[in-house]
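Asker: Handing you this structure, nothing more for now.
The values are calculated or read from the model by the stated rules, or taken from the named source; none is laboratory data. Note that this is a predicted model, so its numbers are computed, not measured. Note that we place each Cβ from the backbone using ideal geometry, even for glycine, and neighbour counts take in every protein chain shown. Keep in mind that these areas ignore ligands, DNA and RNA; they rest on the heavy atoms of the full protein, side chains included. Shrake-Rupley method; radii C 1.70, N 1.55, O 1.52, S 1.80 Å.
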Amino acid sequence: MSRLDLSGLSVRPAQVWGGVRLVPLVRAEPITDLRLHREVYADDESCGSGPSTVAADRHTSYIPHGFVANWTGDGSPAASYGSQLSDERGPVACAPLHLPRKMVQRRPKARTSDGGRSGLRFLPLHLALDGYLALHFGGPSVVWEEWTRRAVREGLSPRAETAYRGGQVRGLGDALRIFEIHPGQCGVLVYVADALAAAFVVPHPDDYRALHPSLLHDLYGELMYQFALYGGPVPEFTARISPEHITSLADLRSAAERCQREWELQHDGLMAGALLDASYDVRQVYRMGRFRLSRFLPPFALHRTQHIGETITDGRGRVAYLKTFRLSDKQVRRGHVLHRLAAHDWHIGATAAAMGISGQELMRRVRHLGFEGLLRVHR
Amino acid sequence: MESHAKRIEGRHAELIAAEDVLLFVHAAITSTGQREFRSGEAEQRMSLDFLHEYVRVNYRPLYAASLALDINDHNAALIVRRLLETAGEVTAEERRTEGRLIAARLARLPAPRVYRLFRALRTAKVNNRRTRAIMRDWLAARPDPALDAVKYRSGLKCAARHAHLPLGHRGEADGDVGGELATELGDFLFAPRRRKRFATPLLDAWRRAHYEQGAVYELPFTVAEGFAAAHGIGRRAFLENIAPRMTRLERLRAQESARTLGADTAAADLTRMPLTRLASYVLGLSLDDRAARRAELTAALRAAARRAAGAQAGTWGRVAAVLDDSFSTTGSRQKRRRPLAVALACHFLLEALAGAYVPLWTSGRQDALLAHPYGPTPLGMRLLDALECAPERLVIVSDGWDNAPPGMAGEVLRAWRTRIDREGRTSVVHLNPVYDAEDFAVRRLSASVPTAGVRMAEDLPALAQLARFAEGRTGLAELRAHLDDRVRRFLEDVPDGAGGAA
């Protein structure tokens, strides 16, 4: 269990357009030995652009782009373009489940077009979404051989997650277009109707500039889609200076500076609190140099704002890359039940007892949440 | 008591009227019905249409009088059109005043704009006697009918048809133009095949250009361009040969493409260009080009600024300027970098006007020539920097969006006005190059600072004067006096050259 450490990133005043509020995150010192760039898949060869079908039409995914992380030992900036996909199987992800299509791949040195630099290709958020479901399906204590085989053959069948493309979220496109990127900006927090929709952090300002439009192609939860559709415009937090105690220009300047700092404090505590305060279950997916790529899951506590996501952290645990996806209440409930089941070795009776409900009630809930198939296999 | 209340009410109504008219004038200066950074074309048009309708119905004399102000050509044409469409609403006396204003404005508009207006009048089926007279007088004042016939062929044709122009009789009334040309013009427009050849060289060149490549270069640039494409003449060769026929703005526009093609054309004389246009040109160059040609470009901008400043040069005392070069100054596809160009032009103009001058760009960069749209708009902090120089005048050029943090500029100005500079030792004016379609106005920074729309930096001194009214203290009477004064001067001034045809 750990928290997200956004130290090194400071908040700048938000920019508002309609119901969308974008809060820039600025890094005082950019990370130069890890670079991200966007990878555009030309056709359907590997993962495909646009909707692609995998595993007998059971699972349709929209994978608009992937990121490639480059890291160099000597700290020199790595090129942020040139990409190639490979078939080589990288290290296995945390769950011992072989996904039909791996979401993290190491690119071999010889194959990269930019002359021998190694890199790691991963599909943002998709990984986290998969992780969310995959976590409990690779459960350690119950023999899931049968189910695993089926999953490999047919894909993740109980999958009912809906996600919307950024372009469908009303007002987001315009908000991103007119957003004025700050010098040194390495990230952004996207609020829709003042609910945190996504956090996005990259290592270097140049990366951010290149990847800023990619927010429009990302996945957002259905909650965010609805908030944008039904929520009205959000108010701007305009600066306020009370003129009573101002007698000179110096007073005015210090008042203005105070105003600026206030926003920072207010934001971290008030608006991003749900993201920063929660403790996460972090699973390391890959390690590269001093960086590690992990995906994290929230505690699945009920009736709270929760995010899943993935992050690249440096040796000291500070965030170099971050991408989150806000879960809807139903998704949280689903995670909660799975979580409880896993904690009790998938024993219905024990879980129900711990939750203070009857076994039948738990069965009903599991059925209601769309995991009926699991139970049948278990029986 | 009652009369007192009535007086207050009357005064209130007056203020509202003055505000409405100013709102409209600033909109008519900035909006061109095109896409802006934050609002689309449809919003701009709808918003502007509403304003035109509102002001025309409620303050018709002021609506007509605004033709005398520095409003942009798009709005000038719109006003003329709406005045002519609704001529029946006013008395004969008012119609005469309107007619004079319209004629004076048309004489200043570029010819293509006027032909487009005539076409719109035809489409709208506006064809009263006065409209015909206005069209006839404008066409009669054109310096070179043959050039118009070639360059604006369909426009002239449409106007001639709509206003029932007796082209065959033109020459007899006009001593200079031979009767030959007049009858030729009629044939040229309506039956070009009737004649084997034209006596007027330009008309004949147009006839020959259909099959003879050499004749293409006797035509005006825009017409020749079409023929060159039809003949398959290479762009480079075409630019080299047509160079003497280009107008100075055409030359400026084609200059960079000619340079990349390696065409051997004489470069445009930058020192003769109007200031804002020149600033746009400079911002169109790459940063490397600008750095390499620093001396030349700076000299040209300074020369243009000095010309624009005229007699007022050096008389403004200590001036500080806060100039917006944030990302939003990119403008839109139709108005590429327009807000930044205005800011850059204002920078050079203020430099010429001021005794001592401190420019402050929002990005914090120092080099005006290398300005490019980038980053947020921390206007509040820059204002503080500017006020610390204790200027006599403070000019802010910005689109009114202040986002780091939002509203800081307004707060700084308010606190400073109410607490520190209560006597108004420093005059502050905010010039806004962008029309905010949603608010039907140019966006203001603070109620304590007057805001004026700006399109050409050259109008800055006049706008600073107009902005006084926006403070809300002066009423309709003063505004009307100001407008009357402008109208009088407008009608007296004879425009230099009719339109931008040549």
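Asker: Consider B:Arg251 carefully, then state whether it is assigned to a helix (DSSP H, G or I), loosely packed, with under 14 Cβ neighbours inside 10 Å and of a type in the set (Lys, Arg).
Answerer: So B:Arg251 does not fit the description; no.
Asker: Tally time: how many residues in the stretch A:233-249 are outside any loop (DSSP other than H, G, I, E, B) and not acidic (Asp, Glu)?
Answerer: Total meeting the criteria: 3.
Asker: Condition first: open to solvent by 10 Å² or more (accessible area, probe 1.4 Å) and part of a loop (DSSP other than H, G, I, E, B). Now tell me which residues in the stretch B:355-379 satisfy that.
Answerer: Those that are open to solvent by 10 Å² or more (accessible area, probe 1.4 Å) and part of a loop (DSSP other than H, G, I, E, B): B:Gly355, B:Ser363, B:Gly364, B:Arg365, B:Gln366, B:Asp367, B:His372, B:Pro373, B:Tyr374, B:Pro376, B:Pro378.
Asker: Evaluate the following for B:Arg35: is it open to solvent by 60 Å² or more (accessible area, probe 1.4 Å), within 14 Å of chain A (Cβ to nearest Cβ) and under 29 Å from A:Gly173 (Cα atoms)?
Answerer: Yes: the conditions hold for B:Arg35.
Residues are listed down the side, and each one gets a yes or a no for (1) modelled with pLDDT of 90 or more; (2) of a type outside the set (Ser, Thr, Tyr); (3) open to solvent by less than 60 Å² (accessible area, probe 1.4 Å):
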{"position": "B:Glu14", "(1), (2), (3)": "no, yes, no"}
{"position": "B:Val57", "(1), (2), (3)": "yes, yes, no"}
{"position": "B:Leu84", "(1), (2), (3)": "yes, yes, yes"}
{"position": "B:Ala111", "(1), (2), (3)": "yes, yes, yes"}
{"position": "B:Leu121", "(1), (2), (3)": "yes, yes, yes"}
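Asker: Would you mention how many residues in the stretch B:185-199 are more than 34 Å from the chain's Cα centre (by Cα) and either more than 16 Å from B:Ala149 (Cβ to Cβ) or in contact (Cβ under 8 Å) with a residue 40 or more places away in the chain (or both)?
Answerer: Looking only at that region, the number is 1.
Asker: Any chance you could count how many residues in the stretch B:322-349 are part of a helix (DSSP H, G or I) and away from chain A (no Cβ under 11 Å)?
Answerer: The number of residues fulfilling the criteria is 12.
Asker: Shifting gears a bit: Which of (1) open to solvent by 10 Å² or more (accessible area, probe 1.4 Å); (2) within 12 Å of another protein chain (Cβ to nearest Cβ) is the odd one out, the single condition B:Leu413 does not satisfy?
Answerer: (1)
Asker: Separate question: Taking the stretch B:355-376 on its own, how many of its residues are away from chain A (no Cβ under 14 Å) and in contact (Cβ under 8 Å) with a residue 60 or more places away in the chain?
Answerer: Result for the stretch B:355-376: 3.
Asker: Something else: Suppose we filter B:Ala300, B:Ala268, B:Ala313, B:Ala341 for residues that are under 22 Å from B:Tyr435 (Cβ atoms) and surrounded by 15 or more Cβ atoms within 10 Å (Cβ to Cβ); which single one remains?
Answerer: Of the residues listed, the single one that is under 22 Å from B:Tyr435 (Cβ atoms) and surrounded by 15 or more Cβ atoms within 10 Å (Cβ to Cβ) is B:Ala341.
Asker: Return the residues of the stretch A:224-268 that are touching an Asp or Glu at 6+ places or on another chain (Cβ under 7 Å) and within 7 Å of chain B (Cβ to nearest Cβ); say none if nothing qualifies.
Answerer: A:Ala239, A:Arg240, A:Ile241, A:Leu249, listed by residue number.
Asker: For the condition of a type in the set (D, E, K, R) and in a loop (DSSP other than H, G, I, E, B), what is the one hit in A:Arg292, A:Arg304, A:Arg333?
Answerer: Exactly one of A:Arg292, A:Arg304, A:Arg333 is of a type in the set (D, E, K, R) and in a loop (DSSP other than H, G, I, E, B), namely A:Arg304.
Asker: Just checking, how many residues over the stretch A:269-281 are open to solvent by less than 50 Å² (accessible area, probe 1.4 Å) and either assigned to a helix (DSSP H, G or I) or at the interface with chain B (Cβ under 7 Å from one of its Cβ atoms) (or both)?
Answerer: Of the residues in the stretch A:269-281, 5 are open to solvent by less than 50 Å² (accessible area, probe 1.4 Å) and either assigned to a helix (DSSP H, G or I) or at the interface with chain B (Cβ under 7 Å from one of its Cβ atoms) (or both).
Asker: Starting from residues that are part of a strand (DSSP E or B) and of a type outside the set (A, V, I, L, M), keep the ones in the stretch A:1-30 and report whichever is farthest from the other protein chains (Cβ to nearest Cβ).
Answerer: The residue in question is A:Ser2.
Asker: Sticking with this one: Could you please find all residues in the stretch B:385-410 being assigned to a helix (DSSP H, G or I), facing another protein chain (nearest Cβ under 10 Å) and crowded, with 21+ Cβ neighbours inside 10 Å?
Answerer: Result: B:Leu387, B:Met408, B:Ala409, B:Gly410.
Asker: Here's a follow-up. Which residue, of B:Phe238, B:Phe227, B:Phe198, is part of a helix (DSSP H, G or I) and under 23 Å from B:Asp144 (Cα atoms)?
Answerer: Exactly one of B:Phe238, B:Phe227, B:Phe198 is part of a helix (DSSP H, G or I) and under 23 Å from B:Asp144 (Cα atoms), namely B:Phe227.
Asker: In the list A:Leu322, A:Leu249, A:Leu293, which residue meets the criterion of being open to solvent by 20 Å² or more (accessible area, probe 1.4 Å) and of a type in the set (A, V, I, L, M, F, W, C)?
Answerer: A:Leu249
Asker: All but one of (1) among the acidic types (Asp, Glu); (2) modelled with pLDDT under 90; (3) in a helix (DSSP H, G or I) hold for B:Asp288, so report the exception by its number.
Answerer: (2)
Asker: Scan the stretch A:157-216 for residues that are in a helix (DSSP H, G or I) and within 14 Å of chain B (Cβ to nearest Cβ) and report the count.
Answerer: Summing the residues that are in a helix (DSSP H, G or I) and within 14 Å of chain B (Cβ to nearest Cβ) in the stretch A:157-216 gives 12.
Asker: Taking the stated definitions as given, is A:Arg295 within 8 Å of chain B (Cβ to nearest Cβ) and basic (Lys, Arg)?
Answerer: Considered against the rule, which asks whether it is within 8 Å of chain B (Cβ to nearest Cβ) and basic (Lys, Arg), A:Arg295 comes out as no.
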